[in-house]
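Working notes, beginning with the structure itself.
The values are calculated or read from the model by the stated rules, or taken from the named source; none is laboratory data. In this text, all values refer to a predicted model and were calculated from it rather than measured experimentally. Every residue, glycine among them, receives a Cβ derived from its backbone with ideal geometry; neighbour counts consider all protein chains shown.
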Amino acid sequence: MLHTAQFLICKSCKGVTEIADSSVLNTLRGICREQNFVMQGASIEVVGLCAECAAKARPTRKSAQKQASPSSP
């Protein structure tokens, strides 16, 4: 049996979520078939921000407006 792993890794909180998406495996199988490559395993790591950390990193409207308006002397 072919073992594949797909991980979503948050750069901020270091959280890791393992996902199992058969379409990813099917895509890899197709690519390997086209390249005459025998896949024995696969590991995919997607690095970014989880929803919670992305929401914390997103500026609020008030802070975005303050940054956009020039400062008064």
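The number of residues in the range 13-55 being surrounded by 10 or more Cβ atoms within 10 Å (Cβ to Cβ) and of a type in the set (Lys, Arg) comes to 2.
The C-beta contact set for the range 1-12 (first residue in contact (Cβ under 8 Å) with a residue 40 or more places away in the chain and closer than 22 Å to LYS56 by Cα, second residue part of a loop (DSSP other than H, G, I, E, B) and among the β-branched types (Val, Ile, Thr), distance under 6 angstrom, 6+ apart or interchain) is empty. Strands (runs of 3 or more DSSP E) fully within the chain that include at least 1 residues being modelled with pLDDT of 90 or more and aromatic (Phe, Trp, Tyr): 3-10.
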